[in-house]
1. Scan the helices (runs of 4 or more DSSP H) fully inside segment 202-286 and keep the ones with 3 or more residues being modelled with pLDDT of 85 or more and of a type in the set (Lys, Arg).
2. Looking at this structure, is Val264 buried (at least 17 other Cβ atoms within 10 Å of the Cβ), outside the structural domain of Val295 (by TED's automatic domain parsing) and more than 30 Å from Tyr335 (Cβ to Cβ)?
3. Search segment 14-33 for residues that are without any contact (Cβ under 8 Å) to a residue 60 or more places away in the chain and pair each with any residue that is not in a helix (DSSP H, G or I) when their beta-carbon atoms are under 6 Å apart and the residues are at least 6 apart or on different chains.
4. For residues in segment 267-300 being among the charged types (D, E, K, R) and surrounded by fewer than 18 Cβ atoms within 10 Å (Cβ to Cβ), which is nearest to His332 (Cα to Cα)?
5. Condition check: under 13 Å from Gly325 (Cβ atoms) and of a type in the set (D, E, K, R). Does Glu277 satisfy that?
6. Can you pull out the residues in segment 237-264 that are within 30 Å of Gly298 (Cβ to Cβ) and in contact with a helix residue (DSSP H, G or I) (Cβ under 9 Å, 6 or more places away or on another chain)?
7. Among the residues of segment 152-201, write down those that are in a loop (DSSP other than H, G, I, E, B) and either farther than 24 Å from Ala225 by Cα or not charged (D, E, K, R) (or both).
8. State all residues of segment 69-104 that are in a helix (DSSP H, G or I) and either among the acidic types (Asp, Glu) or at pLDDT below 75 (or both); if no residue qualifies, say none.
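The values are calculated or read from the model by the stated rules, or taken from the named source; none is laboratory data. What you see is a predicted model, and the numbers here were worked out from it, not measured in a lab. For neighbour counting, all protein chains shown are included, and Cβ atoms are generated from backbone atoms with ideal geometry for every residue, glycine included.
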Amino acid sequence: MNDLILLRLVFIALLATASFFLSPFGFPKPWSALSGVAIGTIIVAFEVRLKEVSLKRLIGAAVASVLGILGAFMIALILNWALPNNHTTVPFLQILVLLVMAYVGLAVGSAKGDMLNLAALGGLFGGEKASRQTFKILDTSVVIDGRIADIAETGFLDGILVIPQFVLRELQLVADSSDSMKRNRGRRGLDVLQRIQKISSLNVQILEDDFPNVREVDLKLIELAKVYDCKIVTNDFNLNKVAQLHGVQVLNINELANSLKPIVLPGEIMRVFILKEGKEQNQGVAYLDDGTMVVVDGAKRLISKTIDISVTSVLQTTAGKMIFGRFDDRHHHVYDKPQHSGPSADREHQRKEDHAQVPGSGL
């Protein structure tokens, strides 16, 4: 790093020295040296910024700017033909068109460069990790849900997170709703987006692409995923099914959450807090820390109590997991104070009991 800084300083010094002795544009020697230092500093700053840009963006910017310059050259020929005797306006228009076309090409090419597929070039740019499905499009529901920010912070999401402009518009409409509940949901979604953008290890981009002929946002997401051959991140059950019918891959946050829930086997003892009465006679309902519903037979009279139950069965549904259990006065405990719910609590309780039975434990 020190060698690179020294090289940059030498470059600026050489440019300043050349400007001092050659005096370009007829400037006095001190002003020429200062202009050399300024130009050298600008070039070094550009070089530092350029090192942070991916190869895809560099290629996109270079190709687009060259095309812009070629387009400006064609327009210049037309201007010479249309205004042959105008010696002041035509040169100005030619320079203006050249600058505009080169600038627009550079800006647009750099912005869209990440969408290039370098793998199609036959491994010519093997040092650049290129994958066709590095884009992950976020839909409105998953942004409002908020768990995507937690997942992103863990580093499990790679590639580029894409937020379409029409999703931002929908979030803005929800945030401006007259309904207080919808308004709070929309504002939470905007806060989640700001949180995601602040994650330094994550590349977040906003796409301006739209499909005016498609009215529904879900269908626009599917069309966008088809264009860029990428995945949609959602927790919307209906969007999940429709996208699969269209052959678009989906990352469902709910499915991820369900897969991470603790495994409970029939016959296992677990501790739960009975929150309310169940639908069937003499049933009580509890919830684990992750939101899993537990239906307990024989627990209607134990509402607001923490009890031990035996798991009888586990039902996996599209909406999540349901656990069914049974309470028996002869074998299970009732606790007056609320305690941690879940199978891990019972395992910890059993471990302490086993430890208490060991001679010399001091308990």
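1. Working: elements: 217-228, 237-245, 253-259.
In segment 202-286, there are no helices (runs of 4 or more DSSP H) which contain 3 or more residues that are modelled with pLDDT of 85 or more and of a type in the set (Lys, Arg).
2. Values: buried (at least 17 other Cβ atoms within 10 Å of the Cβ): yes; outside the structural domain of Val295 (by TED's automatic domain parsing): yes; more than 30 Å from Tyr335 (Cβ to Cβ): no.
The answer is no for Val264.
3. Lys29/Ser23; Ser32/Ser23
4. Step one: of segment 267-300, the residues among the charged types (D, E, K, R) are 268, 271, 276-277, 279-280, 289-290, 297, 300.
Restricting the remaining residues to those that are surrounded by fewer than 18 Cβ atoms within 10 Å (Cβ to Cβ) gives 268, 276-277, 279-280, 289-290.
Details: Glu268: 12, Lys276: 19, Glu277: 19, Lys279: 23, Glu280: 21, Asp289: 21, Asp290: 23 Å.
The residue in question is Glu268.
5. Working: under 13 Å from Gly325 (Cβ atoms): no; of a type in the set (D, E, K, R): yes.
Answer is no for this residue.
6. Ala257, Pro262, Ile263, Val264, listed by residue number.
7. Our first condition is that a residue be in a loop (DSSP other than H, G, I, E, B); within segment 152-201, this holds for 155-159, 176-179, 198-201.
Of everything in segment 152-201, those that are in a loop (DSSP other than H, G, I, E, B) and either farther than 24 Å from Ala225 by Cα or not charged (D, E, K, R) (or both) turn out to be Gly155, Phe156, Leu157, Gly159, Asp176, Ser177, Ser178, Asp179, Lys198, Ile199, Ser200, Ser201.
8. First pass over segment 69-104, keeping only residues in a helix (DSSP H, G or I): 69-82, 89-104.
Once the filter is applied, which keeps residues that are in a helix (DSSP H, G or I) and either among the acidic types (Asp, Glu) or at pLDDT below 75 (or both), segment 69-104 yields Thr89, Val90, Phe92.
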